[in-house]
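Structure, as structure tokens:
The values are calculated or read from the model by the stated rules, or taken from the named source; none is laboratory data. Note that the structure is a prediction, hence the values are computed from the model and not measured. Quick reminder, even Gly has a Cβ in these numbers, built from the backbone with ideal geometry, and neighbours come from all protein chains shown.
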Amino acid sequence: MQAAPAAVQTFEQALKRMGPSLQKALPRHIDVERFMRIALSCVNRDPKLLACSQMSLVRAIMQAAQLGLEVASPLGEAYLVPFKGEVVLIIGYGGLVELATRTGRVTSVEARAVHERDLFAFRHGTDQSLEHVPYLGDEDAGNTVAVYAIARMKEGEPKFEVMSVADVQRIRAMSKQADGDAWTNNWDSMAAKTVVRRVAKLLPKSAEMARAIALDAKADAGESQDDDETRLDFGTVVQPAADASQRTGAAARVAGKVGAAGNGRRTEVVVKEPDGTETSIPPAAESVAAEGGGGAPEDAPPHSEASPAPPADAVPPPPPPPPLDRDAVIARCRAIITERAFGEQPTIKAVAPSVAAGTMLEQADDATLRGVARTLARYDASGELLALVTTK
């Protein structure tokens, strides 16, 4: 069953608008046109994807692009799966292998099944070993009794993990998608992925592998796969909520600028390229709290005699933050922007209710400067910027 032509055409137009963002996210070895064709083919084959939240569909495609994994291709790297009205990115066995070997420190990863008639023995400890001789006789090899994964290192001894069928089934039982198509129709592949994911914990860490495992774990737990890295590439406009408890609700649409969420303030970093184009970096979640997210808007009327007085046992407001070393914070912000390759001499401007658009960072108030710094701090491996703005 194919999706309706009109729906596919609408999605294709949205995909083309995402082209520049996808191009930035994809590794050099993946062609953006091929990636978009595969994504389009994927939704064309499965109309349930287009019936899901458009935001979740775009998010899943962007996440696959950022990880450099092709969706629904013969490589088995990643899949787009509809689940309770949301599109979920499922990392395949091939995707975990690709991410592990991409580090350059792992030469190969393989996963195999062990059957009843096979010769199989392994040992952990100071003298680890694993031996598997598959049965090749005329009779059936028997049921699967275990799966294992071996990662061969560029330097050092191979790493391996072994899981019994019962081990795999326990992992399956904890997944929200235990009865989904992946486990029901492709048990062998899911078992292989399960043991590869376990051996990955023994391998040299990479940001991409850590993120892929985290996204996969969220999918297993039935949790939203929304994350900061995705928002970095296409931004999010959050619907104003009726009250503070709803402000963290689902995003309404994909757009460039990040604005107010409910009654709170969000600081957005806008980097102006030398050619005049602008790139928006959405705020870190902690910057919302730092800037007073959840408080009254700045244009709210002051407390008057007609307004109810605060209760006697009201919690007093927190003390003001200590003085900010503005020069050091601004210098580090500029350094991080330059390191992120947003232009050789970028113009940085902060946008917040208290600062007019176009105001230079040097003229921003301390609250806005702290919010910008917290947004950029996630790209500061040294931790210096966060230390500069963290209150003691």
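Observations, loosely collected:
- Here residue 142 fits the description: touching an Asp or Glu at 6+ places or on another chain (Cβ under 6 Å) and over 24 Å from residue 67 (Cβ atoms).
- Within the range 6-61, the set of residues being part of a helix (DSSP H, G or I), among the basic types (Lys, Arg) and either in contact with a strand residue (DSSP E or B) (Cβ under 8 Å, 6 or more places away or on another chain) or not assigned by TED's automatic domain parsing to the domain that holds residue 211 (or both) comprises 59 only.
- Annotation: residue 108 fulfils all but one of (1) in contact (Cβ under 8 Å) with a residue 60 or more places away in the chain; (2) among the hydroxyl-bearing types (Ser, Thr, Tyr); (3) not assigned by TED's automatic domain parsing to the domain that holds residue 28; the unmet one is (1).
- Helices (runs of 4 or more DSSP H) fully within the range 315-391 counting 3 or more residues that are modelled with pLDDT of 65 or more and of a type outside the set (A, V, I, L, M, F, W, C): 326-339, 366-376
- Tally of residues being of a type in the set (A, V, I, L, M) and assigned to a loop (DSSP other than H, G, I, E, B) across the range 184-206: 2
- Number of residues in the range 67-99 that are buried (at least 23 other Cβ atoms within 10 Å of the Cβ) and farther than 23 Å from residue 191 by Cβ: the value is 1.
- Of all residues assigned to the range 37-57, at least one qualifies as being closer than 21 Å to residue 211 by Cα and not small (Gly, Ala, Ser).
Residue-wise test of (1) outside any loop (DSSP other than H, G, I, E, B); (2) touching a residue at least 12 places away in the same chain (Cβ under 8 Å); (3) closer than 28 Å to residue 130 by Cα.
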residue	(1), (2), (3)
162	yes, yes, yes
168	yes, yes, yes
173	yes, no, yes
176	no, yes, no
182	yes, yes, no
